Each structure stands twice: as structure tokens, then as C-alpha cells.
1. Given the structure, is Gly35 under 27 Å from Leu136 (Cβ atoms) and outside any helix (DSSP H, G or I)?
2. List pairs: first residue in the range 124-136 and under 16 Å from Tyr94 (Cα atoms), second residue of a type in the set (Phe, Trp, Tyr) and surrounded by 23 or more Cβ atoms within 10 Å (Cβ to Cβ) anywhere in the structure, Cβ distance under 9 angstrom, at least six positions apart or on different chains.
3. Inside the range 71-85, can you point out the residues that are open to solvent by 30 Å² or more (accessible area, probe 1.4 Å) and under 24 Å from Gln254 (Cβ atoms)?
4. Yes or no: the range 129-144 includes at least one residue that is modelled with pLDDT under 90 and open to solvent by less than 30 Å² (accessible area, probe 1.4 Å).
5. Would you mind finding the one in Leu47, Leu60, Leu15 that is part of a helix (DSSP H, G or I), surrounded by 12 or more Cβ atoms within 10 Å (Cβ to Cβ) and not basic (Lys, Arg)?
6. Return yes when Gly118 is under 17 Å from the mean Cα position of the chain (by Cα) and without any contact (Cβ under 8 Å) to a residue 24 or more places away in the chain and no when it is not.
7. So is Arg27 over 20 Å from the mean Cα position of the chain (by Cα), at pLDDT 80 or above and open to solvent by 30 Å² or more (accessible area, probe 1.4 Å) or not?
8. I'm trying to understand the selection: among the residues of the range 111-125, which are of a type in the set (A, V, I, L, M, F, W, C) and loosely packed, with under 15 Cβ neighbours inside 10 Å?
Amino acid sequence: MTLITLLLVLAWERLFKLGEHWQLDHRFEIVFRRGRAASLPKTLAILVLWMALIWGILRLVHGAFFGIPSLLLWVVICLLCIGAGITRKHYRAYLKSARQGDMHACSAMAEELTLIHGLPVNCSEGMRLRELQNALIWINFRFYLAPLFWFVVCGPYGPVALAGYAVMRGYQTWLARHATPLKRSQSNVDYILHILDWIPVRLAGVAYALIGHGEKALPAWFASLGDIHTSQYQVLTRLAQFSLARDPHLDQVQTPRAAVTMARKVTIIILIVVALLTIYGTLV
């Protein structure tokens, strides 16, 4: 059921998910706003209660009507948790502004795309565009690759793990947009996601390393296996840049497009691997 669900969800997401309607991050904003304090207990409470709710609903419909309600519930959960949604609209708005030469709108969309890690100040245009590439690589990881990982590896509990990951991702995004850096630090959501992203980043890093300069990227990937301190964002984007650096761009449109094209290739590779593992019975 895993592969069928993924194919249905990705097809729907590609065709129709262009806004916030099917975005869990948006639906949970009312929960994130409750209470002024940010703390580890609050973050864990959001995570545990949400996962327990999803698990309870799945248990309730398990085995009913030949499994059709379970399949539909899996699809709905995946639609809410997988896919960039509004972020893709921001990306398209950025490209449109860049083509039209509207630098003000272009900068605004670039800031939105780099919300989590930000853009460096007082830097060259090349460095700014490289950081934009990194942000797009990370968006693809956070909204596609990492959710796919947790959904696939957890088997029958995949929707529960996926829902938990998505709510932490949404909380981090909400804090980055609406809260101070201190409040975000007090929530410990960055630390929780650092742990959750460790294995998915290394697996995605293999794909980036093999697509690009393997002779340079693979040693860096092996070095990352023993690195528990460097942020997962830096690990993944460093590996991706080995591939992107082959064709350096200094163009407002072509530079981000190169990153998105590379990210799509990696996503397709991982989907093919999942399909093959499912066909050969390794995955359910």
C-alpha cells in the first residue's frame, strides 16, 4: 500500500496542490499560536498528542470495508504532509519577478524561500544565489525526501511517523516567521529535527554525491557519517553543491532552476529505489 499511496499523492500534489489548503503547516497554525511560552515540553506535547491521535484513527478504521478507509486515510495524511504547496507558489513568483526585472519582488520571494536559514548579508551576488540554491535543495528535502523516508521505513506506522515529522517541520516554519530567535531556540524544535533528519540527510546525500562529482562528494559523505554536530542543512547542501558547482550560474533565473532540476532528479531516483524495493518484497 506504501507505493500506491505515494504514487497517488505525488500525482495529486503535482497537479492540484498549489496553495495552503492541503498543507498541514497551515492547518496547525491555530495550535502553534496557543500560549506565549515556547519550551521543550510544549513541543513534545504537540508531537506526541498529534501522533497518538493519528494512530488512534488508523486503529479505528483498520480492516474495515476491505481496507478502503485505511487507504483513503493514508492518502489524506500524505497529502497534508508531503509537498511544498505554498512554497512552490513563492518559487514561481520569484522566477516571474526575476524575468521581469522586479528586484523588490524578487528579493521578497527570495527571503520567503530562505525563511529557515536566511540569506547572508553584505555578500556578493554569486554567494546570494548559491544560498538560494541551498534553500531550494533544503525545501525539497524537508517537503519531499524526509517525509518519504519516514513514511516508507516505518511501514504500517508510516502515516504516524510522517504526521509527526510534518508537524515539527510546520512548527519550525511558524516560529521562524512569527517568533523571535530566542523563542525558537527555547522550543528545541531545531534540535528535534536535527535528530530526525540525520539518517534521511545521509541517504539523500548519497544520491547527490553519485549524480555530481563522486570523487569529491563521496569522501565528504563518508566524513559526514561520523559528524553529529554540523547542521543537517550544511551537510546536505555541501554535498549538493559538488554537483551544482559543475555548471556555475550567475543568472537570477537559471541558478535556482539548476537546483530545482537537481532536486527533482534525486527525488525520482529515490522513488525508483522505493518502487524496486516494493516489487521485490522488501517494502510492504
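The values are calculated or read from the model by the stated rules, or taken from the named source; none is laboratory data. Here the structure is a predicted model, which is why all the values come from computation and not from measurement. Cβ: placed from backbone, ideal geometry, glycine included. Neighbour counts: every protein chain shown. Remember, those area values only see protein heavy atoms, side chains included, never the ligands or the DNA or RNA. Shrake-Rupley method; radii C 1.70, N 1.55, O 1.52, S 1.80 Å.
1. In short, no.
2. Leu132/Tyr94
3. none
4. Yes, that holds for at least one residue.
5. On inspection, the qualifying residue turns out to be Leu47.
6. Yes, satisfied.
7. Spelling it out, it is not the case that Arg27 is over 20 Å from the mean Cα position of the chain (by Cα), at pLDDT 80 or above and open to solvent by 30 Å² or more (accessible area, probe 1.4 Å).
8. Matches in the range 111-125: Val121, Cys123.
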